[in-house]
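The values are calculated or read from the model by the stated rules, or taken from the named source; none is laboratory data. Keep in mind that this is a model prediction, so the values were computed, not measured. We place every Cβ from the backbone using ideal geometry, glycine too, and count neighbours over all the protein chains shown.
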Amino acid sequence: MGRMAPRVVYFPDSFHEVNGVAHTSRNFEAFAKRRGLPFLCVRAGNRAQAFVQEGELRTLELGRSGMAVGLEQDLKFDPLFFRYRDLISKTVREFRPDVIHITGPSELGMFGAYFAWKLGVPLAASWHTNVHEYAGRRLQWLTRNLGELGVAMEHGAEVGTLDVTSRFYRLAKVLYAPNPELCALLERKTGRPCHLMQRGVETELFTPAKRTRGADGKLVLGYVGRLSVEKNVALLPHVDAELRGMGIAAQWLIVGHGAEEAMLRRALPTAEFAGVLRGEALAVAYANMDLLVFPSHTDTFGNVVLEALASGVPAIVTPDGGPAHIVRDGVTGRVVADVGFARAIAETVSGFGGMREAARGYAMGCSWDAVFEKVYGAYPV
């Protein structure tokens, strides 16, 4: 890194869950451990209370209370987390941080911002989730039949949530985001410098070598991620119907869980629902797909897209958000609007070979070490 590594306290919103923030956080901690960097991770977990030190790496894991409110399948917010204030204060002070890094306005993020102010330590904040877009989409159960009024309500929710969240991020001296458009938005809304904090991929785990399917003549379309409204998974049955209208019968492999699972099971009765997969099982699932179909408009990066490419699986994504910056249209997959998904899939079927090789080749150039070296290089110390 070219200079003495700063002592970093990291307060992630999520660590053990199945989402992009957690995935990045686990890899961030692993990077610090590999490099022998002074790093303290304060996070919520299943254990009541545990402090562990391994060399320069320290972790303080704190259990959430029974009053924790569910935000997503396995993600919660604990309004009673303040009961750990004294313990967190003691642990952070003894560590003597040079910088405190948070990932959002959760109970952990609020603690991180508070202690940065209290100790006079620079605050860094990374944006991983487009909470403002989630707010608009999660109103759709109420607004979908209200016409222009409904659209206005969704837009108002987005704008209001972005404004509130941006005010929180202004507390930081430096910001990070996973794609250039989001960085530009944050700089505009907060007046703070923003640096790219993209994602890496484990190319030894996610590889075409894990494919167990033979030449069975099937077209296997995959989806990996939360089965929730903000992921736009309602598009999948429409894509399936269009493909069948073209005479293409696809087999769907759905990996993940969420509130929209029941709808998808009804609409795609022949699909395989694998639930949440991790590690080797997830790698095998990717490798056995022919295409990843990822219709989200709200993802800031798209870990699953990069994992699919590493597995030699081209991806079909929308022009919105982070995935469009990973996929090279016509080379490693397709970048198309919702109405073009079925046609793009049909056109891509004949070009699998070259796209598979290009997808794997792109992913081989992405490493977690490179990602986090840039994060350390931008710390305000």
Note on region 258-279: residues over 22 Å from the mean Cα position of the chain (by Cα), β-branched (V, I, T) and under 22 Å from T207 (Cα atoms) are none
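From the list L175, L142, which residue is at pLDDT below 95 and over 23 Å from V313 (Cβ atoms)?
Values: L175 fails: at pLDDT below 95.
The unique qualifying residue is L142.
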Looking across region 244-272 at residues that are closer than 16 Å to N232 by Cα and of a type in the set (G, A, S), the single one that is surrounded by the most Cβ atoms within 10 Å (Cβ to Cβ) is G256
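If you go through region 332-344 one residue at a time, how many are under 24 Å from the mean Cα position of the chain (by Cα) and either under 14 Å from A308 (Cα atoms) or assigned to a helix (DSSP H, G or I) (or both)?
Applying the first criterion (under 24 Å from the mean Cα position of the chain (by Cα)) to region 332-344 yields 332-338, 341.
Cutting the leftovers down to either under 14 Å from A308 (Cα atoms) or assigned to a helix (DSSP H, G or I) (or both) gives us 332-334, 338, 341.
Residues in region 332-344 being under 24 Å from the mean Cα position of the chain (by Cα) and either under 14 Å from A308 (Cα atoms) or assigned to a helix (DSSP H, G or I) (or both): 5 in total.
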(1) at pLDDT below 95; (2) under 20 Å from the mean Cα position of the chain (by Cα) all hold for A285 apart from (1)
State whether the residues of region 313-330 include one that is out of contact with any Phe, Trp or Tyr (no Cβ under 6 Å at 6 or more places or on another chain), among the hydroxyl-bearing types (S, T, Y) and surrounded by 20 or more Cβ atoms within 10 Å (Cβ to Cβ).
yes
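What are the residues in region 78-106 that are among the polar types (S, T, N, Q) and in contact with a Gly (Cβ under 7 Å, 6 or more places away or on another chain), if any? Working first, answer last.
First, pick out the residues of region 78-106 that are among the polar types (S, T, N, Q): 89, 91, 103, 106.
Within region 78-106, T103 is the sole residue that qualifies.
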Residues of region 83-106 being farther than 30 Å from T300 by Cα and hydroxyl-bearing (S, T, Y), in sequence order, are Y84, S89, T91
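Take region 181-239 and flag every residue that is part of a loop (DSSP other than H, G, I, E, B), β-branched (V, I, T) and within 23 Å of the chain's Cα centre (by Cα). Don't jump to the end; show me each part of the working.
If we filter region 181-239 for residues that are part of a loop (DSSP other than H, G, I, E, B), which is where we start, we get 191-193, 197-207, 211-219, 225-228, 232-234.
Next, from what is left, pick out any that are β-branched (V, I, T): 201, 203, 207, 212, 233.
If the condition is that a residue be part of a loop (DSSP other than H, G, I, E, B), β-branched (V, I, T) and within 23 Å of the chain's Cα centre (by Cα), then V201, T203, T207, V233 are the ones that fit.
Quick grid of which residues meet (1) over 23 Å from A324 (Cβ atoms); (2) buried (at least 16 other Cβ atoms within 10 Å of the Cβ); (3) in contact with a Ser or Thr (Cβ under 8 Å, 6 or more places away or on another chain):
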site: N179; (1), (2), (3): no, yes, yes
site: A184; (1), (2), (3): no, no, no
site: R192; (1), (2), (3): yes, yes, no
site: H195; (1), (2), (3): no, yes, no
site: Q198; (1), (2), (3): no, yes, no
site: A209; (1), (2), (3): yes, no, no
site: V220; (1), (2), (3): yes, yes, no
site: Y223; (1), (2), (3): no, yes, no
site: S228; (1), (2), (3): no, yes, no
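Which residue out of R334, R343 is buried (at least 16 other Cβ atoms within 10 Å of the Cβ), charged (D, E, K, R) and either outside the structural domain of H16 (by TED's automatic domain parsing) or touching a residue at least 60 places away in the same chain (Cβ under 8 Å) (or both)?
Values: R343 fails: buried (at least 16 other Cβ atoms within 10 Å of the Cβ).
Of R334, R343, the one residue that is buried (at least 16 other Cβ atoms within 10 Å of the Cβ), charged (D, E, K, R) and either outside the structural domain of H16 (by TED's automatic domain parsing) or touching a residue at least 60 places away in the same chain (Cβ under 8 Å) (or both) is R334.
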